[in-house]
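To start, the structure under review is shown below, and the notes come after it.
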Amino acid sequence: MSMTDPISDMFTRIRNANAIKRESVDVPLSKLKVSVLKILREEGFIKEFKEISQEGKKDFIRIYLKYGPLRQQVINKINRVSKSSRRIYKKSGEISKIYGGIGLAIYSTSKGVISDRDCRKLKIGGEIIGIVS
């Protein structure tokens, strides 16, 4: 299977694992994914992630999903916004809160991959990678 959009693939794997309440999910390793996962961890959408390397096999990331005290999902929605077929960029003034601030948008900017909150703080725009709530 050829991977056209690795971020979209990661979001789908998280969405599927989350739906069946799996403890963790594995995705192929990439720097961009690690940047996105750091934000998800900082914002409390996932518990943790670890980079795992295996002899002779491709390295991957194990993502530990997070659930509430009654096993309710912390991630309700996780969607790719900008796709390879349609890139979506926002100027700093266009970056608004997601679901009144309970959601999170992840942007790829000149300062690296950062959250919508940091974009507003730094007054920079960028390509919107995805939205999580």
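Compute the length gained on full extension between SER35 and LEU122: take 0.36 nm times their separation in residues and subtract their Cα-Cα distance, giving the result in nm to one decimal.
Full extension from SER35 to LEU122 adds 29.6 nm.
Using a 1.4 angstrom probe with every protein chain in place, what is the largest-first accessible-area order of THR4, THR109, THR12?
Order by accessible area, largest first: THR4, THR12, THR109.
Would you mind calculating the gained length between VAL74 and ARG62 on full extension (0.36 nm times residue separation, minus the Cα-Cα distance), in nm to one decimal?
2.6 nm
More than 23 angstrom separation, counting every C-alpha pair in the chain; what % is that?
Tail fraction, whole percent: 32.
Calculate the spin-label point distance for THR12 paired with LYS111, positioning each point 7 Å from the Cα along the beta-carbon direction, and give it in nanometres.
Inter-label distance under the simple model: 3.3 nm.
Past 30 Å, Cα to Cα, is the threshold; run LYS57/LYS111; LYS58/LYS90; LYS50/LYS91; LYS83/LYS111 against it and keep the listed order.
LYS57/LYS111; LYS58/LYS90; LYS50/LYS91
Counting each pair of different Cα atoms once, what's the Kirkwood radius of segment 62-123 in Å, rounded to one decimal?
Across segment 62-123, the inverse of the average 1/r is 13.6 Å.
Based on the mean of other Cβ atoms within 10 Å per residue, sort peptides 38-44, 5-11, 68-74, 126-132 so the most packed one is first.
126-132, 5-11, 38-44, 68-74
Under a 1.4 Å probe, what is the accessible area of the chain per residue, stated in Å²?
Heavy-atom accessible area per residue stands at 59 Å².
Could you please state how large a percent of the accessible area of segment 1-116 is carbon and sulfur, counting protein chains only and using a 1.4 Å probe?
50
Can you compute the modelled spin-label distance between LYS21 and LYS47, with each label point 7 Å from Cα toward Cβ, in nm?
Taking the two extended label points, one gets 1.4 nm.
The values are calculated or read from the model by the stated rules, or taken from the named source; none is laboratory data. Everything numeric in this text was worked out from a predicted model, so none of it was measured. Don't worry about glycine lacking a Cβ; one is built from the backbone with ideal geometry, like all the others, and counts go over all protein chains shown. Protein only, heavy atoms only, side chains kept; ligands, DNA and RNA dropped before computing areas. Shrake-Rupley method; radii C 1.70, N 1.55, O 1.52, S 1.80 Å.
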